[in-house]
Amino acid sequence: MKIVITCHLPNDIIQPLEERYDVVMWEKSSEPMPRERLLKEIEDADGLFTNVADQINEELLERAKKLKVISTMAVGYDNIDVAAAKRKNIVVGHTPGVLTEATADLTFALLMATGRRIVEGMDVIRQNQWKSWAPFFLTGQEIYAKTIGIIGMGRIGLGVAKRAKGFSMDILYHNRSRNQEAEQELQATYCDLDELLTKSDYVVLLAPSTENTYKMIGKEQFAKMKNTAVFINTSRGTNVDEEALYHALKEEEIFAAGLDVFDSEPISSTHPLLSLRNVTVLPHIGSAAIETREEMARLACQNLLNGLEGRPLVHEVK
Ligand code: GLV
């Protein structure tokens, strides 16, 4: 049987796959397998190891005559047409759990960097613009004991709430369902979206990308936020209306935004958001801690092995 791996992984991680199957792995570590090559390789593949950079859509699935398992090295699977895969009896696996803490760390790091203008501070020094200490030079927003509003209280949302608790923040959250752990252990308060937007100093978006969350934060929602609000998105870019965000930042309707994800990735250095002072951007690195990425890759390999050998996946997308 043949397995296609669209990214480059360390040998020790793919060894269990190589021992049993013919593995075609993309060689370059900084970019994914080109689409044309993937479309060709998939024709006779039994298993696919993928990640958020690939579009696993009808076009690809139609060519996949033998495919049995799609395993993504990610918790999010909005890049995969799961319904189309199911129609073809292809199982889909993903890697929740192992990336929770690293992604919550990065979210909080971005929150702090954005609120306190850390990247701007470094840019000022690099550009030789640091002239003197001055009373209101690079002043940002306090974090300690402020109010954080978390939209999407899943595993990562809860991880961010735990970190916020350590900063004595008041925690508001909005979610499809109530989260007992957040309420009982962290005294998080459930509220509707409008109340969260109006009351929060930090609005943190962690909802998965679905048709219900598409552009869920747009003009109307930014208008409801405080002028001092800091908006953080480490979920998916498609959850936000980027044009509305651009205007909210430009008109200073909100204080700043920290973004790890974008509507279309990668963005280029000429993206309009980058022309703004009050935005901190990262190249989709929420889970990018070494141990975490190794765990994700191992788990994705295990999902693939289980699927090909007829066992239940460790984490199947249902
Ligand atoms: C990354 O964005 C993931 O979904 O794991």
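Here the condition is being within 16 Å of the ligand (Cβ to nearest atom), of a type in the set (A, V, I, L, M, F, W, C) and in a loop (DSSP other than H, G, I, E, B); of ALA207, ALA145, it holds for ALA207 alone.
Checking each residue in the stretch 202-247 for being out of contact with any Asp or Glu (no Cβ under 7 Å at 6 or more places or on another chain), of a type in the set (Ser, Thr, Tyr) and crowded, with 19+ Cβ neighbours inside 10 Å picks out TYR202, THR213, SER235. Residues in the stretch 236-260 that are part of a helix (DSSP H, G or I) and of a type in the set (Val, Ile, Thr): THR238 alone.
Take the residues in the stretch 1-40 that are of a type in the set (Asp, Glu) and part of a loop (DSSP other than H, G, I, E, B), then tell me which one is least open to solvent (accessible area, probe 1.4 Å).
Here the residue is GLU31.
Kindly evaluate LEU273 against the criterion of being open to solvent by less than 10 Å² (accessible area, probe 1.4 Å), of a type in the set (A, V, I, L, M) and in contact (Cβ under 8 Å) with a residue 24 or more places away in the chain. So LEU273 fits the description; yes. Among the residues making up the stretch 119-138, a single one is open to solvent by less than 60 Å² (accessible area, probe 1.4 Å) and either touching a residue at least 40 places away in the same chain (Cβ under 8 Å) or within 17 Å of LYS226 (Cβ to Cβ) (or both): GLU120. Residues that are in contact with a strand residue (DSSP E or B) (Cβ under 6 Å, 6 or more places away or on another chain), open to solvent by 10 Å² or more (accessible area, probe 1.4 Å) and farther than 30 Å from TYR144 by Cα within the stretch 80-118 comprise ILE80, VAL82, VAL91, HIS94, listed in sequence order.
Before we move on, is LEU60 modelled with pLDDT of 95 or more, closer than 20 Å to GLU316 by Cβ and in a loop (DSSP other than H, G, I, E, B)? Judged against the criteria, LEU60 is not a match. The single residue among ASN303, ASN278 that is open to solvent by less than 50 Å² (accessible area, probe 1.4 Å) and under 19 Å from ILE80 (Cα atoms) turns out to be ASN303.
The values are calculated or read from the model by the stated rules, or taken from the named source; none is laboratory data. Computed from a predicted structure; not experimentally measured. Every residue, glycine as well, gets a Cβ built from its backbone with ideal geometry; the counts of neighbours run over all protein chains shown. Keep in mind that these areas ignore ligands, DNA and RNA; they rest on the heavy atoms of the full protein, side chains included. Shrake-Rupley method; radii C 1.70, N 1.55, O 1.52, S 1.80 Å.
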